Amino acid sequence: MSTLDWWRTGAIYQVYIRSFADGNGDGTGDVAGLRAKLPYLADLGIDGIWINPWYPSPLLDGGYDVADYRDIHPDFGTLADAEAMIAEANELGIKVLVDLVPNHCSWDHEWFKAALAAEPGSPERDRFHFVDNGDEPPSNWRSVFGGPAWSRTDDGQWYLHLFDSSQPDLNWENPEVRAEFLSILRFWLDRGANGFRVDVAHGITKDTSWPDVEAAQILSNTKQPNHAHWDRDDVHEIIREWRAVLDEYDDRMMVAEAWVAAESLAKYLRPDEYHQSFSFGLLSASWNAADYQDAIREVYDEAHALGAASTWVLSNHDVMRHATRFGLPDDAEWRTWPVTGPTDLLDAERGARRARAAALITLGLPGSAYVYQGEELGLDEVWDLPWEVLDDPVARRSEGTQKGRDGCRVPIPWNADGPSYGFGANGSWLPQPDWFADVAADQQIGVAGSFHSLYRDALHVRREHLIDDAVMTWLDLGDDLLAFERGNGVRCVVNMGATSVPMPDGEILLTSTPGLADELPSDTGVWLRPR
Ligand code: GLC
C-alpha cells in the first residue's frame, strides 16, 4: 500500500447523481440508489467518489443552481440518507467529495429572493452583483452558456450571471458571502465529507469596474490570466481561507475546477491553496503521441515541481463521452458535431479501441485519475437525443447550434432487461437508447474482454504496481508510441500510430485489447514490468 495521501494516487469516480441509480423508482437517481451501488464501486477498485450537486435546486442547470447549500434535494433523498451513505462509503474504503458551487446560487435561493424583494443599494442586493446602467448591460460579458451575462430586474437594475440567468453570481467582495461559505464547508466536513470538488474555481471574483472585454477574450474558454472575470489574482486570498478551514480537520482535500493556463495553475496548487486541480488537456489533445506527450508534460511537470499531484480526466458531465469523441472524423468539433455531422462518419469501433488504450494511459500515470460514471462500461455519447427532451441550458441558450451536455448524462444501464435498464423501477428522466441493452453492466461484469473487466483489472493492477511513487520518465520507443516508465520500472506503452509494432520487451501485466502477445497493434496499449 502506498504511504501517499489517498487523493494523490486515488481513482476517483464521478457520480452524476441524477443519472446514476434510482432507488425509489421516480425516474431520477438518488442517494439510496448510490448507496446500493457502493459495493459495485468498491469491487471495481475505486478509492473515492465525487458527487455532482445534490442540493435542493430547481435543476435548471442540473443542480449547479443551488437553492440551499445545507440540504439534499428531496428527489435525491434526505440529509440523513447522505450522512449514512458517506459513513458507509468510508467503511468500504471509499472517500466522498461533495461539489461546492461558490460562484453562483439559484434564483430560488433565499438570498436571491430577498435581494429581488429589497431596494437597489440594499445589503440584500450587495450579496450579488446588481448594477444600474440604464437600458444597456453594464458590460459586454457573455454567459458561458450563450447570450449576455446580464439580466434585468423589474426595477431596472442588471444582475450578473456568468452562466444561466437562473444562476446569479455571488459577490465575493461581500463579507457575508465569504463567511457563509466557510460555514458551508464546515457543515459538510462535520457530516463526514472527505473533501470538495470546487465548481468554477477560477471565476468567483470579478473586476467590479465592469470593463468590456476584448472580442478575443469573450470566449468562455479564454485562458487569459487576470481576465475581467476569470483567473483573477484576488481569488487566491479566498482559497487560502477555505484551505485553513479544511486544515482544521484530519485528512480532507479540495480539487479545483479551474480552466486556466498551465502557468497559472501553479498558483492554485500552492501549499496553502488547493490540494489538486483538474487538468483538462487530454480532453482536447489530438490522438497522436506528440500531442498526448505535450498535454501530459504540461500537467505533470508543473505538479511534480510543486509536490502536488497530477490529475487525469478523459470525460466528465460537461463533455462528449470520450468513446464517441475518439470515433469522430479528425476535424470534427465535438460540441457541434451532433448538430452539424457528418454523423455517418462516426467510427465507433475506433472510438472504443482508443478509449480502452486511453484508460491505460490515465490509470498508468502518476497522480489521481477521475473516472466518469459509465466510462468503465465504455458508454458512448447518446448524441441523437431529440431536441424536445433536452434539459441542458446550453441547448436552450445556444440557438440551435449545440445540443449541450445531456448526451453524456443519460441514466446508466445496469441490466440488459427490465424497466430503464436497471436504472430504477420505472422510467428514466432522459430516454435511454436501445443499444444500452448490449452495454449494460450485467452484460460486462466478469466477462473477459469487456470494458468493465479492463477497468476492474486496470484499477487492481494499478493498486498493486502503480501507486508506490509519484514519478515517471518518458521513453523514446518511436514517434508513434506514447511510452513512459514509472519509478519501479513498470512501463506503459500505447501505439497511437496506424500500424502494428513488435510488442516492447517486458512481462505483460495488462493489455487494452485482450490477447495481445507479440504485437502491439494500432490504438492499443500495454502495461509491462521488467522481466
Ligand atoms: C461547471 C460545471 C457545469 C456547470 C457550470 C456552472 O463548469 O461542471 O456542469 O454547468 O460549472 O455551475
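Filter the stretch 76-103 for residues that are surrounded by fewer than 21 Cβ atoms within 10 Å (Cβ to Cβ) and farther than 27 Å from L363 by Cβ and give the result.
Matches in the stretch 76-103: T78, L79, A80, D81, E83, A84, A87.
Just a yes or no: is a residue in the stretch 200-213 within 16 Å of the ligand (Cβ to nearest atom) and either open to solvent by 30 Å² or more (accessible area, probe 1.4 Å) or not in a loop (DSSP other than H, G, I, E, B) (or both)?
Within the stretch 200-213, not a single residue is within 16 Å of the ligand (Cβ to nearest atom) and either open to solvent by 30 Å² or more (accessible area, probe 1.4 Å) or not in a loop (DSSP other than H, G, I, E, B) (or both).
What about V461, is it within 30 Å of T511 (Cβ to Cβ), open to solvent by less than 30 Å² (accessible area, probe 1.4 Å) and either assigned to a loop (DSSP other than H, G, I, E, B) or of a type outside the set (S, T, Y) (or both)?
Values: within 30 Å of T511 (Cβ to Cβ): yes; open to solvent by less than 30 Å² (accessible area, probe 1.4 Å): yes; either assigned to a loop (DSSP other than H, G, I, E, B) or of a type outside the set (S, T, Y) (or both): yes.
Against the criterion (within 30 Å of T511 (Cβ to Cβ), open to solvent by less than 30 Å² (accessible area, probe 1.4 Å) and either assigned to a loop (DSSP other than H, G, I, E, B) or of a type outside the set (S, T, Y) (or both)), V461 qualifies.
State all residues of the stretch 187-199 that are touching a residue at least 60 places away in the same chain (Cβ under 8 Å) and either away from the ligand (no atom under 11 Å from the Cβ) or surrounded by fewer than 20 Cβ atoms within 10 Å (Cβ to Cβ) (or both); if no residue qualifies, say none. Don't jump to the end; show me each part of the working.
Step one: filter the stretch 187-199 for residues touching a residue at least 60 places away in the same chain (Cβ under 8 Å), giving 187-189, 191-199.
F187, W188, L189, R191, G192, A193, N194, G195, F196, listed by residue number.
Return yes when Y69 is within 13 Å of the ligand (Cβ to nearest atom), touching a Phe, Trp or Tyr at 6+ places or on another chain (Cβ under 8 Å) and among the aromatic types (F, W, Y) and no when it is not.
Details: within 13 Å of the ligand (Cβ to nearest atom): no; touching a Phe, Trp or Tyr at 6+ places or on another chain (Cβ under 8 Å): yes; among the aromatic types (F, W, Y): yes.
The answer is no for Y69.
Of all residues being hydrophobic (A, V, I, L, M, F, W, C) and within 25 Å of V144 (Cβ to Cβ) in the stretch 217-251, which is most open to solvent (accessible area, probe 1.4 Å)? Just the residue, please. Talk me through it step by step, then tell me what you get.
Of all residues in the stretch 217-251, those hydrophobic (A, V, I, L, M, F, W, C) come to 218-219, 228, 230, 235, 238-239, 242, 244-246.
Filter once more, keeping what is within 25 Å of V144 (Cβ to Cβ): 218-219, 228, 230, 235, 238-239, 242.
On the way: I218: 46, L219: 104, A228: 13, W230: 9, V235: 0, I238: 1, I239: 1, W242: 4 Å².
Once the filter is applied, the top-ranked residue is L219.
Given the criteria within 30 Å of G23 (Cβ to Cβ) and not acidic (D, E), does A114 qualify?
Numbers: within 30 Å of G23 (Cβ to Cβ): no; not acidic (D, E): yes.
For A114, the condition - within 30 Å of G23 (Cβ to Cβ) and not acidic (D, E) - is not met.
In this structure, does E376 turn out to be exposed (fewer than 15 other Cβ atoms within 10 Å of the Cβ), out of contact with any Lys or Arg (no Cβ under 6 Å at 6 or more places or on another chain) and part of a helix (DSSP H, G or I)?
Working: exposed (fewer than 15 other Cβ atoms within 10 Å of the Cβ): no; out of contact with any Lys or Arg (no Cβ under 6 Å at 6 or more places or on another chain): yes; part of a helix (DSSP H, G or I): yes.
So E376 fails the test.
Could we say that R178 is closer than 17 Å to H109 by Cβ, basic (K, R) and either under 28 Å from the mean Cα position of the chain (by Cα) or within 16 Å of the ligand (Cβ to nearest atom) (or both) here?
Details: closer than 17 Å to H109 by Cβ: yes; basic (K, R): yes; either under 28 Å from the mean Cα position of the chain (by Cα) or within 16 Å of the ligand (Cβ to nearest atom) (or both): yes.
Here the answer is yes, as R178 does meet what is asked.
Inside the stretch 379-393, can you point out the residues that are crowded, with 23+ Cβ neighbours inside 10 Å and either within 22 Å of L282 (Cβ to Cβ) or outside the structural domain of D438 (by TED's automatic domain parsing) (or both)?
L379, D380, E381
Would you say S284 is open to solvent by 10 Å² or more (accessible area, probe 1.4 Å), over 30 Å from R125 (Cα atoms) and in the same structural domain as Y13 (by TED's automatic domain parsing)? Step through it out loud before you land on a result.
Working: open to solvent by 10 Å² or more (accessible area, probe 1.4 Å): yes; over 30 Å from R125 (Cα atoms): yes; in the same structural domain as Y13 (by TED's automatic domain parsing): yes.
In short, yes.
Mind listing just one residue for me: the one in the stretch 104-131 that is over 26 Å from the mean Cα position of the chain (by Cα) and open to solvent by 70 Å² or more (accessible area, probe 1.4 Å) and, of those, nearest to P56 (Cα to Cα)?
First pass over the stretch 104-131, keeping only residues over 26 Å from the mean Cα position of the chain (by Cα): 110-131.
Restricting the remaining residues to those that are open to solvent by 70 Å² or more (accessible area, probe 1.4 Å) gives 110, 113, 116-117, 119, 121, 123, 126.
Working: E110: 12, K113: 15, L116: 20, A117: 21, E119: 27, G121: 28, P123: 24, D126: 23 Å.
Within the stretch 104-131, the match that is nearest to P56 (Cα to Cα) is E110.
The values are calculated or read from the model by the stated rules, or taken from the named source; none is laboratory data. Note that the structure is predicted; figures quoted are calculated from it, not measured. All Cβ positions, glycine included, derive from the backbone under ideal geometry; neighbour counts span all protein chains shown. Ligands, DNA and RNA are excluded from the accessible area calculation, which covers all protein heavy atoms including side chains. Shrake-Rupley method; radii C 1.70, N 1.55, O 1.52, S 1.80 Å.
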